[in-house]
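Please read the structure below before turning to the comments.
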Amino acid sequence: MSSQTVRLAPPALWGVVLSAIVFLLSACSSTPPAALRGTGDLGVVIERADGKVKVIETTGRSVLATVDGLGDLSHASVVFSRDGRHAFVFGRDGGLTKVDLLERRIAGRVVQAGNAIGGSISHDGSLVVAQNYEPGGIKAFDANTLELVADVPATTEDGTRSKVVGLADLSGRRFIYSLFEAGEIRITDFSDPKNPVTQRFAGGKQPYDALVSPNGRYYIAGLFGEDGLALIDLWNLDKGSRKILSGYGRGEQPLPVFKMPHLRGWSIAGNRAYLPAIGRHEVLVVDTDTWQEVDRIKVRSQPVFAMARPDGREIWVNFAFPDNGWVQVIDTVSGEVTDTLQPGRGILHMEFLSKGHEIWLSARDDNKVVIYDTATKKPIGGFDSASPSGIFFTTRAARTGF
Amino acid sequence: MKLPPLVAHVALLIGAAVVSALASASEARSVAPQAGPQPERARELVHIVRQDCGSCHGLTLKGGLGPALTAEALAEKPAEGLVATIIGGRPGTPMPPFATIVSEAEAQWIVDQLMRGFPSDAGLPQARHTP
């Protein structure tokens with residue numbers, strides 16, 4: 001074996017092969033390597049009509065990729081894995097899609113219900129929970145594999161199921177949510193995921209959405225069917241729930257609500273909560289120590305989102321159809337509307353950068369995303385996007401209730 | 001992942017054919033027996049129903065907080081009742097009255113379209129000026 005001489009290829013062939021190798025190597029190095037990058041400035045924009053999401057980055061305000069095949073996104077919401085790499089997109093059709101933001105592709109997808117509204121992720125990042133309208137209930141999935149771990153129907157004594165709204169993450173693999181028809185609030189504990197344990201609380205008539213405060217202490221459910229909101233102090237669960245702002249409508253005939261408001265932890269700025277009124281063109285201001293109304297601010301139309309800039313200095317408000325081309329800014333120091341903007345037609349959603357210096361707005365009817373500088377209230381960028389709705393940045397991964 | 005060029009071209013051709021067939025079908029539908037809204041208003045109404053009614057009833061009208069509005073779901077329902085619901089809303093539920101948004105004739109047209117299977121949304125016309 002070792003006595004056999006190795007026959008080398010003729011020099012001409014070497015010349016060809018070596019130069020080919022050199023060429024190929026140089027070609028490799030001229031295309032950027034699968035870029036090493038962080039995830040802190042990434043996000044997704046929902047393109048609701050086409051079942052697509054755009055993967056974006058906020059440093060250069062650019063679109064990195066468009067990912068297709070997410071089903072019916074007419075009402076979609078997103079939560080992120082703890083490392084900000086994966087977006088879990090909950091679609092209207094019950095689809096739960098895991099999108100890898102670094103590889104910019106779908107990493108997993110299940111259709112888990114007939115009609116869904118959103119979802120949440122456990123504090124340890126291990127469980128993704130979907131909230132469903134049809135069949136009403138919540139379902140927990142393994143965040144790695146998207147395998148079903150537990151199915152918790154929202155059933156009441158008479159056997160009927162309710163639509164689930166206002167799902168939020170609590171400490172210790174617990175989730176809190178409200179039942180639209182039954183008017184109940186429930187907390188389900190998935191500490192032992194195979195054997196979830198559910199506690200029940202009184203809610204109120206027709207809860208439409210809810211929030212958990214940024215510190216995780218309070219859960220507030222907005223009620224469509226009555227004048228008021230339901231509040232639970234999660235640090236004193238034995239005290240149950242109570243009503244706040246009862247009778248804020250003052251018995252007046254409510255104005256038509258062409259779109260239900262959304263509630264999230266962004267409503268809280270300092271020791272004030274800024275809550276969209278239902279059937280009144282007002283933002284209600286509540287003291288979060290006493291839970292008494294301290295002010296109400298007249299705005300242009302039925303508010304949908306009242307979002308505090310992350311520093312708490314401003315509240316940006318958008319509105320229900322047919323006034324969804326308007327945005328107003330409330331100064332939290334003076335308690336007054338300081339700016340009235342028209343960023344585009346059909347402003348469905350707004351998302352602040354984590355330090356609040358920019359806000360991204362989706363203008364559905366203009367097919368674009370517009371970016372405003374919150375200091376100057378002037379547009380500073382944007383890009384085309386087909387019928388955009390929700391905008392979600394990975395910085396949500398670090399926040400309770402997002 | 002990349003499709004061979006031939007397949008891509010054939011798919012594109014088939015797609016274009018399907019789209020134009022659907023477009024002509026929905027055009028044929030929108031020529032209602034009674035005088036419907038003007039084309040521009042009709043386009044706007046389709047957009048409103050798909051997008052804004054869609055925030056509760058779903059973009060595909062298969063339901064959400066509000067019930068499904070597909071042709072099958074509405075098959076057994078009397079048209080007059082549906083028109084009354086659009087105009088007057090349904091007290092005790094989140095369905096608001098749309099009397100300030102659409103006329104009764106437009107509501108009738110919308111119900112008629114819903115019962116035939118609602119047209120797809122072509123979006124709003126370009127804004128005259130964008131800020």
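The values are calculated or read from the model by the stated rules, or taken from the named source; none is laboratory data. Everything numeric in this text was worked out from a predicted model, so none of it was measured. Here the Cβ positions follow ideal geometry from the backbone for every residue, glycine too, while neighbour counts run over all protein chains shown. Surface areas here come from the heavy atoms of the whole protein model, side chains and all, with no ligands, DNA or RNA. Shrake-Rupley method; radii C 1.70, N 1.55, O 1.52, S 1.80 Å.
Quick notes
- Conditions (1) away from chain B (no Cβ under 12 Å); (2) open to solvent by less than 20 Å² (accessible area, probe 1.4 Å); (3) not polar (S, T, N, Q); number of the one not met by residue A:293: (2)
- Those strands (runs of 3 or more DSSP E) of segment A:228-305 in which 1 or more residues are more than 24 Å from residue A:175 (Cα to Cα) and free of Cβ contacts under 8 Å to residues at least 24 places away in the same chain occupy A:282-287, A:293-298.
Here's the yes/no breakdown for (1) surrounded by fewer than 22 Cβ atoms within 10 Å (Cβ to Cβ); (2) of a type in the set (S, T, N, Q); (3) closer than 21 Å to residue A:238 by Cβ:
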{"residue": "A:129", "(1), (2), (3)": "no, no, no"}
{"residue": "A:139", "(1), (2), (3)": "no, no, no"}
{"residue": "A:144", "(1), (2), (3)": "yes, yes, no"}
{"residue": "A:149", "(1), (2), (3)": "yes, no, no"}
{"residue": "A:157", "(1), (2), (3)": "yes, no, no"}
{"residue": "A:169", "(1), (2), (3)": "no, no, no"}
{"residue": "A:185", "(1), (2), (3)": "no, no, yes"}
{"residue": "A:195", "(1), (2), (3)": "yes, yes, no"}
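Each row is one residue, and each column tells you yes or no for (1) open to solvent by 10 Å² or more (accessible area, probe 1.4 Å); (2) within 19 Å of residue B:55 (Cβ to Cβ).
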{"site": "A:202", "(1), (2)": "yes, no"}
{"site": "A:209", "(1), (2)": "yes, yes"}
{"site": "A:212", "(1), (2)": "no, no"}
{"site": "A:215", "(1), (2)": "yes, no"}
{"site": "A:252", "(1), (2)": "yes, no"}
{"site": "A:283", "(1), (2)": "no, no"}
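- Subset of segment B:49-71 (residues that are facing chain A (nearest Cβ under 9 Å), in contact (Cβ under 8 Å) with a residue 40 or more places away in the chain and of a type in the set (Ser, Thr, Tyr)): none
- The criterion of at least 2 residues that are of a type outside the set (Gly, Ala, Ser) and touching a Pro at 6+ places or on another chain (Cβ under 6 Å) is met by the following strands (runs of 3 or more DSSP E) wholly inside segment A:126-202: A:148-153.
- Looking only at residues of segment A:114-127 that are within 11 Å of chain B (Cβ to nearest Cβ) and surrounded by 23 or more Cβ atoms within 10 Å (Cβ to Cβ), we find that the one that is farthest from residue A:146 (Cα to Cα) is A:117.
- Annotation note: of B:99, B:84, B:71, the sole residue that is within 22 Å of residue A:260 (Cβ to Cβ) and either at pLDDT 95 or above or loosely packed, with under 14 Cβ neighbours inside 10 Å (or both) is B:99.
- Out of A:105, A:161, one residue alone is open to solvent by 10 Å² or more (accessible area, probe 1.4 Å), over 29 Å from residue A:204 (Cα atoms), at pLDDT 95 or above and not acidic (Asp, Glu). It is A:105.
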